[in-house]
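Here is the structure we will look at, set down as structure tokens.
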Amino acid sequence: MKIAVQTEDFDLSRETRRLCAGRKDVGATVSFTGLVRDMSADASLLALELEHYPGMTEKALGDIGNEARQRWDISDLTIIHRVGRLQPGDNIVLVITASAHRREAFEACEFLMDYLKTRAPFWKKEITRDGESWVASRHSDADAAERWQHND
Amino acid sequence: MARILYFASLREQLDCASETLDVANIETLGALKQSLAERGGAWQAAFSSPVGLLSSVNQQMATDAAAIANQDEIAFFPPVTGG
């Protein structure tokens, strides 16, 4: 399991190759890449500042990864989340799951993203032409995470 | 001494990123919040009716009933918005 919190960009194909290197049990990989999106009405987003809680963030991502491995039969997984100042269109988060079968890989990947959004200590601040503001948490994210608790 | 950390909008609101505090006489996270609220001003606003305020003890999410002690790392922060 690879967990990384970093300022640098990531490369999906390199990370996928690394995840599967030397393995013969992987029949499927599923990846999710999140990008910085300008959600303002007037396209005024200049940058996004990503703050995190060093130490706890890595621990929380590791816990989420371990929970996914308990719930689905996945061979391995990678979670990379960027921090610092990002521009619209930049990569922000990458989750890759590898499994013998696609269904496990799809579900685990979706679960990881839903849990990451509500449990890992990251905070986004939008820097726009009009000033700065912290992004508010969304009920839809909490709902998405909660549905996995009724899924067994 | 316990180490107390504040993140994101809360850090800006309090103008404080971290501090060390003697919590020998404070038994729970809830009691610590109460004591921080008694500082008045922005502290009172943040901790007296802490709707949506999250907290952790030694890097694990924790609720008001959590026991705290000196040597603990305690953090307060707003709801998370990563991903």
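Values quoted throughout were computed directly from the atomic coordinates according to the rules given, and no laboratory measurement underlies them. Bear in mind the structure is a predicted one, so any value in this text is a computation, not a measurement. FYI the Cβ positions are ideal-geometry reconstructions off the backbone, even for glycines, and counts take in every protein chain you see.
Between residue A:127 and residue A:41, what's the calculated FRET efficiency when r is the beta-carbon distance and R0 is 22 Å? Round to 0.05. So the FRET efficiency works out to roughly 0.85.
Pop the C-beta distance of residue A:85 and residue A:143 into the FRET formula with R0 = 22 Å and round what comes out to the nearest 0.05. Walk me through the numbers on the way to the answer.
Working: r = 30 Å, r/R0 = 1.36.
The formula returns an efficiency of 0.15 here.
One decimal place: the segment residue B:17-residue B:71 gains 17.7 nm when fully extended, by the rule 0.36 nm per residue minus the C-alpha distance.
Under the definition of partner shielding as Cβ atoms of other protein chains within 10 Å of a residue Cβ, what is the mean value for peptide A:50-58? Before the final figure, lay out the partial values.
On the way: counts 2, 7, 4, 8, 2, 5, 10, 3, 1.
What the average comes to for A:50-58 is 5.
The label-point distance for residue A:14 and residue A:69, in a model that sets each label 7 Å from Cα toward Cβ, rounds to 2.4 nm.
For the listed residue pairs A:2/A:117; A:24/A:124; A:2/A:125, the alpha carbons are over 28 angstrom apart in A:24/A:124. Normalised Debye scattering of chain A at q = 0.11 Å⁻¹ gives log10 I(q)/I(0) of -0.45, counting only Cα atoms as equal scatterers and leaving out solvent. Length available on full extension from residue B:27 to residue B:42: 0.36 nm per residue minus the Cα-Cα distance, which gives 3.1 nm. Using a cutoff of 8 angstrom between alpha carbon atoms and counting only pairs six or more residues apart, the relative contact order for chain B works out to 41 percent. Computed over chain A, relative contact order equals 33 percent, with contacts defined as Cα pairs under 8 Å that lie 6+ residues apart. How far is helix A:102-119 tilted, in degrees, relative to the longest principal axis of the Cα atoms in chain A, given as a value from 0 to 90 rounded to the nearest 10? Around 40 degrees separate the two axes.
Cα centroids of the range A:64-140 and the range B:69-83: 19 Å apart.
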